[in-house]
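Report on the following structure.
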Amino acid sequence: MKRILLIGLVLVAGLSSVFAADYYISSYDVKITVGNNAVHHIVETIDVYFEGSHHGIVREIPLDYTDYNGKTKARVTNLKISDNYSSETDNGYLVIQIGSSSKTYTRQSVHYVIEYDYDLGADFNEDYDEFYMNIIGVDWECPIRKATFSITIPFVASMSMRSSDDFFDYVCENTYLSSGTYGSTSGNTDAYAYKADDGSVLIEGTTLNLNSYEGVTIRMDLPEGWYRNARMPWDYRGLFKVAGIVTAIALVVLAVVLWTIFGKDKTPIIVARFYPPKDFSPLLVGYVADSNVDDKDVISMLFYWADEGLLSIEEKKNNKYEFTKLKDIEAYAIESGKSIPELEVKLFNGFFKNRAVGDVVKFSDLEKNNFFQTIVETKLKTGKYFTKERALNDSKSRKVAGILALLSFLPLLFYSLSFGLYENADIIVYFHLGVCFLLFMLNLVIFGSLFSKWYMRDSKVFACILRIIPSAVAGFILYVMEMDLNVYCNIGLLVLAVVSSAVIALFAIITERRSSYGDEVLEEILGYREFIDKVEISKLKMMIKSDPDLYYRVLCYAVVLGLEDKWAKKFSGMMVQPPSWYSGYSAFDVYYMTRLATRMATSIPAASIPRSSISGSPGSRVGGGGFHSSGFSGGGFGGGGGHAW
């Protein structure tokens, strides 16, 4: 952010005559002794001329630096200043306020000396050791008339650099200077190198007339291994490995214990029932059966209302239908004495929006009536219907399950931290954490889908195997990714993290226990499903004699329970007349209404979606640029800037 603001300031730097500061730096001298341990000793001597009234200066020294090797956190120690000062860290900078509010300077020059050690820590370049320093930072708000510097680089013998002469030649050949605004790769700096008697190299230089927000930068490629005993970032990967193992095992045990205490459900006693729970429409039955409301559950209500005499359906060409309103649902509720939930009343009235008895709703009316929004609201309100005394799940177990769900991320988190995080996270760790977070969410989704329809499944074993595959694939992707990034991978820890996270997520799902009401309603629905699924033909024929419309009365429930084909098959060979509430031109058979229900569950929501267009032109490519091998002004460590106060 600081750099973005800086670019804007640079654009007006040339207008110094209009926006001139009322102070300037007449002389800025910097002496740097490059430390063999990457702790560089810096002495800054600054002469500031205050034209206006000021108390002193503020010096800002960067502590955070990011380049292609990642993020470096510098440390400033042994700070000494020739005047009174106070300091604090702010947004990655050491901010030093020099001077006193009780003393003011006007039209006079003030001499400041700032001395400190600048610890940059270990260098991670593979082919060389880099010294890349902003001698004068590009963040100074005033012009600098004269800048001088001297940099001392001690000679350190190595296998590749045995003599001081070789070292001197190497330094001269691999040292680059730049000056000007941020990003400049050239400048007007004059510098010379000298070899001292002890073999060290001394570089001295001068730059004249730097404008506001202009600086001087040196980049020097030292021989690989020149830095020795430099501060290493705190490596706590081993700690997270141990913590990850302990946490994974402990959380699995905790999940089992909490499930035993809070989550064990009563096994439903399934006895065939001839009727659904009292006052339960297909919409409510479908929600209890799989803890979800889909389009099929909503559209099944049309067949339910048709069977109740509230509407009629006429099929047109190209999977289009017309629906005639035969009764008001409020009048029907009074007439029948049934307790109809408010959400079903709104669904019916949303479908027949502003329609009187006898009026027709066509497919083209669904979009105009914004019926898609009604479908969305119905899905949301159905879940809210089952609250308080109608709550399907125990509230205490739900809270415990939520905590376990969050804890299932910890094994994956510790694994990510155990292989790639030092003092500061880098892009690899962030990417790895992102993949682990997706795996964490995937576990909750797939296990949630597994147990939401647990009692509706014919093959539970196959469903379980199917849910294991995504976790296994995600774990393999993590392994391949780590190999591709040349990151050390402990296959044992990876397997432990992935498996333990999946196990905890599984227990988080099954720990949410049903309430007494939930057990009662589920048993009734499973009993009704048992009847639809396994009723014998002989029994069915007896029931048809007393209820000729039994096929249509049960069909809407069979649809939401996933048994529409089985229910239709039971009537194969029987004479089934079309219902009185349906008319159409297609040939009618026992399977026709199941096919109709399937088509309507797709076509009605699709026809209800508001038509909209997304316009626009292709975006322009943004960005570009690159990194010059010789460095650029303001691109190195340190420097920073300051201002008067």
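The values are calculated or read from the model by the stated rules, or taken from the named source; none is laboratory data. From a predicted model like this one, the values you see are computed outputs, not experimental measurements. All Cβ positions, glycine included, derive from the backbone under ideal geometry; neighbour counts span all protein chains shown. Side chains are part of the model used for accessible areas, which takes the heavy atoms of the whole protein and leaves out ligands, DNA and RNA. Shrake-Rupley method; radii C 1.70, N 1.55, O 1.52, S 1.80 Å.
Here are some notes:
- Count of residues meeting criterion [open to solvent by 60 Å² or more (accessible area, probe 1.4 Å) and within 47 Å of the chain's Cα centre (by Cα)] in segment 129-177: 3
- Selected residue [in contact with a Phe, Trp or Tyr (Cβ under 7 Å, 6 or more places away or on another chain) and surrounded by 14 or more Cβ atoms within 10 Å (Cβ to Cβ)] from Phe323, Phe351: Phe351
- Options Gly244, Gly215, Gly205, Gly263: the member that is crowded, with 19+ Cβ neighbours inside 10 Å, under 30 Å from Arg529 (Cα atoms) and small (Gly, Ala, Ser): Gly263
- Every condition in (1) open to solvent by less than 60 Å² (accessible area, probe 1.4 Å); (2) acidic (Asp, Glu); (3) not in a strand (DSSP E or B) is met by Glu126 except one, and the failing one is (1).
- Qualifying residue in segment 586-597 (condition: surrounded by 19 or more Cβ atoms within 10 Å (Cβ to Cβ), touching a Leu at 6+ places or on another chain (Cβ under 8 Å), at pLDDT 80 or above and part of a loop (DSSP other than H, G, I, E, B)): no
- Any hit, segment 227-237, residues being at pLDDT below 90, outside any loop (DSSP other than H, G, I, E, B), open to solvent by 40 Å² or more (accessible area, probe 1.4 Å) and closer than 30 Å to Arg398 by Cβ: no
- Set side by side, the residues Gly383, Gly337, Gly358 differ, and just one is loosely packed, with under 15 Cβ neighbours inside 10 Å, among the small types (Gly, Ala, Ser) and within 34 Å of the chain's Cα centre (by Cα), which is Gly383.
- Filtered by the rule that a residue be touching a Gly at 6+ places or on another chain (Cβ under 9 Å), open to solvent by less than 60 Å² (accessible area, probe 1.4 Å) and either modelled with pLDDT of 95 or more or more than 19 Å from Arg219 (Cβ to Cβ) (or both), segment 96-118 gives Ile96, Ile98, Gly99, Ser100, Tyr105, Val110, Tyr112, Asp117.
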